[in-house]
Amino acid sequence: MREYSGSVFLADCPARLAIEIIADKWAVVVLFALSRKPCRHGELVDLIGGVSRKVLTQTLRRLQGYGLVERRAEAGKVEYVLTDLGRTLVKPIAVLTQWAHEHGAAVADFQESAADEGVPDPRQGPGRTVGQ
């Protein structure tokens, strides 16, 4: 294993790769789902509200490319399972999930009050206010 003494501000810092992985809209949700048990593609679609089959496929392929998810095909049945490396993200994801449970309402409350004040919505890009 290589040692890195770089800064997150450097292009080749592994921390930026980790941030890239978890910043993907669906990656953390898929990893969390697979932390519970191996799943078939259709099971993941049913479990994860709002994700399309196409986007789920892209997300699973990306996670496979990072070595976090393995695609297993046995007897005509395809399942996705976390690799050993993927399982190392279970605890950090649990921490993020706990933060969301504890602070999600506060974020929603802020967005609601910000909409009344015309504060830009960070999810919508420049010029759009919260609630538009």
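For region 43-72, the set of residues classified as open to solvent by less than 80 Å² (accessible area, probe 1.4 Å) and among the hydrophobic types (A, V, I, L, M, F, W, C) consists of L44, V45, I48, V51, V55, L56, L60, L63, L68, V69, listed by residue number.
For the structure I just gave you, tell me whether Q132 is of a type in the set (S, T, N, Q), out of contact with any Phe, Trp or Tyr (no Cβ under 9 Å at 6 or more places or on another chain), modelled with pLDDT under 95 and within 23 Å of A18 (Cβ to Cβ). Answer is no for this residue. Any residue in region 109-117 that is touching a helix residue (DSSP H, G or I) at 6+ places or on another chain (Cβ under 9 Å) and open to solvent by less than 50 Å² (accessible area, probe 1.4 Å)? No: zero hits. Pairing residues of region 89-107 that are over 12 Å from V28 (Cα atoms) with residues that are part of a helix (DSSP H, G or I) and small (G, A, S), at Cβ distances under 9 Å and at least 6 apart in sequence or on separate chains, gives V107/A100.
The conditions of being on the phi > 0 side of the Ramachandran plot and loosely packed, with under 11 Cβ neighbours inside 10 Å are met by A75.
Take the conditions (1) surrounded by 12 or more Cβ atoms within 10 Å (Cβ to Cβ); (2) within 16 Å of I93 (Cβ to Cβ); (3) modelled with pLDDT under 95; R16 misses just one of them, which is (2). The residues in region 78-102 that are over 14 Å from I22 (Cα atoms), open to solvent by less than 70 Å² (accessible area, probe 1.4 Å) and either modelled with pLDDT of 95 or more or over 14 Å from the mean Cα position of the chain (by Cα) (or both) can be counted, and the count is 6. The residue list A114, A106 contains one member that is assigned to a helix (DSSP H, G or I) and at pLDDT 90 or above, which is A106.
The values are calculated or read from the model by the stated rules, or taken from the named source; none is laboratory data. Nothing here was measured: the structure is a model prediction, and the numbers come from that model. When we count neighbours, we look across all protein chains shown, and the Cβ atoms used for this are built from the backbone with ideal geometry, even at glycine. Ligands, DNA and RNA are stripped out before the accessible areas are found, and what is left, the full protein with its side chains, is counted by its heavy atoms. Shrake-Rupley method; radii C 1.70, N 1.55, O 1.52, S 1.80 Å.
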